[in-house]
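The values are calculated or read from the model by the stated rules, or taken from the named source; none is laboratory data. It should be emphasised that the depicted structure is a prediction, and the values quoted were computed from it without experimental measurement. Note that each Cβ is placed from the backbone with ideal geometry, even for glycine, and that neighbours are counted across all protein chains shown. These accessible areas exclude ligands, DNA and RNA; they are computed on the full protein's heavy atoms, side chains included. Shrake-Rupley method; radii C 1.70, N 1.55, O 1.52, S 1.80 Å.
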Amino acid sequence: MTLRLQMLGTGGAFAKKYYNNNGLLYTDDFTLLIDCGITAPTSLHQLGVSLTEIDAILITHIHADHVGGLEEFAFRMKYEFGRKPVLYISEKLIAPLWENTLKGGMSQETITSLEDVFEVRALKEGMLNQISPSLQIEMIQTSHIPGKPSYSLYLNNEIFYSADMTFQPDLLKELVYERHCRKIFHEVQLVGPGEVHTTLDELLSLPVDIRSMIWLMHYNDNMEDFIKKAGEMKFLRQHEMYTL
Ligand SMILES: O=c1ccn([C@@H]2O[C@@H]3COP(=O)(O)O[C@H]3[C@H]2O)c(=O)[nH]1
Ligand SMILES: [Zn+2]
Ligand SMILES: [Zn+2]
């Protein structure tokens, strides 16, 4: 089964040109929105994709560039379409997403929990979660903000989607050399120390066979200045459709 990926945005948290790093993952019969940041509703509007065409949303972690569009998504589904969106989320993030992010804006007499506005499906870590007949996702907890759970995705046992993470070269090597990974979508911080992200310099330290399967995402607005430096690694482009 061929997967396709179309990013609603490819920018870092504060990028303005390329929007938040959120993507539509398509199989022949299923559309999954990976993360739903502040700019996701605008980007979907620009692409002419209706909220009702999205079969489910999956959240990697709780930062506004990944969850900031959920309130609009859920309210519009409820009041415009009378439906609850399906929400795939690690069991560890269910309570924080409601208590710390959505409750303030969404709670009212008829809405008192995440389950009132989403069809919540808890994802377990380190095992295959069947999302649709031809899409399996393993949630891999990776390092991002100390003490704050954040997940990368392993799609159909062959494609790695980092979401936000610090550099974990051993994980990347294990996936490629032991787990048949053939494509990597990796976040990148183009300048400065990584701290909570992975720098371009760190990715450049990987062996060339791994670098040549990397597509860079979650970058700053000055991305064009780094195309040459990135070498074999390619930059993923907002709104383009990629066959994986
Ligand atoms: O300890 C911290 C926590 C956060 N931040 C910034 O806030 C942003 C939140 O979204 P993000 O994870 O895409 O990127 C993060 C960084 O830009 C940081 O630099 N250090
Ligand atoms: Zn982010
Ligand atoms: Zn983040």
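Within region 202-215, is there a residue that is closer than 22 Å to His66 by Cβ and polar (S, T, N, Q)?
No, region 202-215 contains no residue that is closer than 22 Å to His66 by Cβ and polar (S, T, N, Q).
Mind checking which residues of region 109-156 are buried (at least 21 other Cβ atoms within 10 Å of the Cβ), over 17 Å from the mean Cα position of the chain (by Cα) and among the β-branched types (Val, Ile, Thr)?
Once the filter is applied, which keeps residues that are buried (at least 21 other Cβ atoms within 10 Å of the Cβ), over 17 Å from the mean Cα position of the chain (by Cα) and among the β-branched types (Val, Ile, Thr), region 109-156 yields only Val117.
Scan (1) farther than 19 Å from His144 by Cβ; (2) open to solvent by 60 Å² or more (accessible area, probe 1.4 Å); (3) assigned to a helix (DSSP H, G or I); (4) touching a residue at least 12 places away in the same chain (Cβ under 8 Å) for the single condition Ser43 breaks and write down its number.
Against the list (1) farther than 19 Å from His144 by Cβ; (2) open to solvent by 60 Å² or more (accessible area, probe 1.4 Å); (3) assigned to a helix (DSSP H, G or I); (4) touching a residue at least 12 places away in the same chain (Cβ under 8 Å), Ser43 comes up short only on (2).
Just the residues that are touching a Pro at 6+ places or on another chain (Cβ under 8 Å), open to solvent by less than 10 Å² (accessible area, probe 1.4 Å) and within 15 Å of ligand 3 (Cβ to nearest atom), please, taken from region 51-85.
Passing the criteria: His61, Gly69.
When both residues are 6+ apart or on different chains and their Cβ atoms are under 9 Å apart, which pairs have a first residue that lies in region 13-34 and is open to solvent by 40 Å² or more (accessible area, probe 1.4 Å), and a second that is modelled with pLDDT under 95?
Asp28/Met1; Asp28/Thr2
I need the full set of residues from region 121-150 which are under 25 Å from Lys84 (Cβ atoms) and free of Cβ contacts under 8 Å to residues at least 12 places away in the same chain, in order please.
Hit for region 121-150 is Gln130, nothing else.
Name the residues in region 215-230 that are over 23 Å from Gly37 (Cα atoms) and either polar (S, T, N, Q) or surrounded by 14 or more Cβ atoms within 10 Å (Cβ to Cβ) (or both), would you?
Within region 215-230, Phe226, Ala230 meet the criteria.
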